[in-house]
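To keep things clear, I will list the structure first and then write my remarks on it.
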Amino acid sequence: MTPADLAKTHAAAFSATRAWSETEFADLLAHAGTYVAGDADCFILLRTVLDEAEVLTLATDPQMRRRGLARRVLKASEDLAKEKGALTIFLEVAEDNDAAIGLYTSSGYAQIGRRPGYYLPKDGAPIAALVMRKSLATT
């Protein structure tokens, strides 16, 4: 997938917040240890550093939701992170994103922190991020 493809899906998935630009995706992908799992319908961008991985974003085209795509790419990203040597994977999720929290919780992630005011919606008050973690050592 190209940075333009990623930006298009991200913009559709995150219409209530500032979507990431093609340039931002290109800049992120230029860094060693940054990878994409998925396709234009649903993708995860993750970064591995030493034995840790971080999900930078997970985006699903709104027309493709509720089909198991996010669960599939989440698993693929975990497998990729393990291949790269990661033992742990982290992510942030908006505390009001019940669907994503359900996905992560049912996939073995646990909340380890909270970041107040992390997300800034276009029309609303800031929303806290829940920091979640999963061990990859036993999966």
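The values are calculated or read from the model by the stated rules, or taken from the named source; none is laboratory data. Just so it is clear, the structure is predicted and the values come from calculations on it, not from any experiment. Note: ideal-geometry Cβ built from the backbone for every residue, glycine included; neighbour counts use all protein chains shown. The area values use the complete protein model at the heavy-atom level, side chains included, leaving out ligands, DNA and RNA. Shrake-Rupley method; radii C 1.70, N 1.55, O 1.52, S 1.80 Å.
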Accessible surface, 1.4 Å probe, highest first, among residues Ser21, Ser107: Ser21, Ser107
Given the DSSP H assignment, sum -39500 (n - 2.57) over each helix run of at least 4 residues in the chain and divide by its residue total; what's the result at 222 nm in deg cm²/dmol, nearest 500? -9500 deg cm²/dmol
Alpha-carbon spread of the range 98-139, three principal axes, descending order, Å: 41, 18, 10
Mind ranking Thr2, Thr57, Thr17 by accessible surface for me, highest first, 1.4 Å probe? Thr2, Thr17, Thr57
Computed from the beta carbon distance with a Förster radius of 30 Å, FRET efficiency for His31 and Ala125 to the nearest 0.05 stands at 0.40
Whole-Hz ³J(HN,Hα) from phi, Karplus 6.51 cos²θ - 1.76 cosθ + 1.60, for the range 103-108, glycine and proline x: 4, 5, 4, 5, 9, x
Among the listed pairs Lys82/Lys134; Lys8/Lys134; Lys8/Lys122; Lys84/Lys134, those beyond 23 Å (Cα-Cα): Lys8/Lys134
Can you work out the accessible area per residue across the chain, with the rest of the protein chains kept in place, probe 1.4 Å, in square angstrom? 55
Can you tell me the convex hull volume per residue for the range 19-60, based on C-alpha atoms, in Å³ to the nearest whole number? 65
Descending accessible area (1.4 Å probe), largest on the left, turns Glu83, Glu92, Glu22 into Glu83, Glu22, Glu92
Post the alpha-carbon centroid distance, the range 102-139 to the range 28-98, in whole angstrom. 13
Write down Rg/Rh for the range 1-126, rounded to two decimals, with Rg from the C-alpha atoms and Rh from the Kirkwood relation over Cα pairs. 0.94
Could you look at the chain and say what percent of its accessible area is carbon and sulfur, using a 1.4 Å probe and all protein chains? 52
How much accessible area does Phe14 have with a 1.4 Å probe, in Å² rounded to the nearest 10? 60
